[in-house]
């Protein structure tokens, strides 16, 4: 056996132990940057929306224009969070406070709701015009989990979840979908709070300790986390057992960003 083949075999064995069916009943996956390459779309749309707003504000006030950093600002303030939380947190980082407005505010409203809706419209336009691509390794993993009898949920702050899953022909593979619409309807706290993952486990009918979370955003844990509860306490005590590397499905690593 070659060294490369030996390494792949070892990785498969590690994956099977990590996702042991006798230890876990469910796998909860993030959407953007985990199942699909939509994280890059969100990052670009956040930048376009914020840059246009910041440029307009700088022109009107005479301030120096400091653009949105699609790497640092995206990871620190908006990645993985509900849309309006992302708007609010980034603006706060720049010392900007806007009226909250409402989730139905028009895109031209200078409110948290207005800016968030402006960004969402940009995302919808890109998805409609360019389409979406899933990660090949993630698709393999989802099929593998289904064959092994795991319950599967998609957990995301995005309100575009159904559209994205349908676009990549994965809409029939998940037992539960907890997305931005569910967060709003059930008044859940967004990531990094564990509420959305705990809700997914509840809807699947599994104990949180028997759920595996796969999440790429810093705000959502940025790792594979085995045993969901009490995640906050274990992480604070330095006892989180989450793996620091991306997962592998059938020997094929997920490609793309891991933010």
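The values are calculated or read from the model by the stated rules, or taken from the named source; none is laboratory data. Here the structure is a predicted model, which means the values were calculated and not measured. Every residue, glycine among them, receives a Cβ derived from its backbone with ideal geometry; neighbour counts consider all protein chains shown.
Cβ-Cβ contacts under 6 Å between residues 6 or more apart (or on different chains), taken from a first residue in the range 197-208 that is on the phi > 0 side of the Ramachandran plot and assigned by TED's automatic domain parsing to the domain that holds residue 156 to a second residue that is surrounded by fewer than 19 Cβ atoms within 10 Å (Cβ to Cβ) and in a loop (DSSP other than H, G, I, E, B), are absent.
Only residues that are touching a residue at least 24 places away in the same chain (Cβ under 8 Å) and surrounded by fewer than 18 Cβ atoms within 10 Å (Cβ to Cβ) were counted across the range 53-69, and they come to 2.
Considering the conditions (1) surrounded by 15 or more Cβ atoms within 10 Å (Cβ to Cβ); (2) part of a helix (DSSP H, G or I), residue 124 is excluded by exactly one of them, (1). Only one of the listed residues (89, 171, 105) is touching a helix residue (DSSP H, G or I) at 6+ places or on another chain (Cβ under 6 Å), more than 30 Å from residue 22 (Cα to Cα) and surrounded by fewer than 17 Cβ atoms within 10 Å (Cβ to Cβ). That residue is 89.
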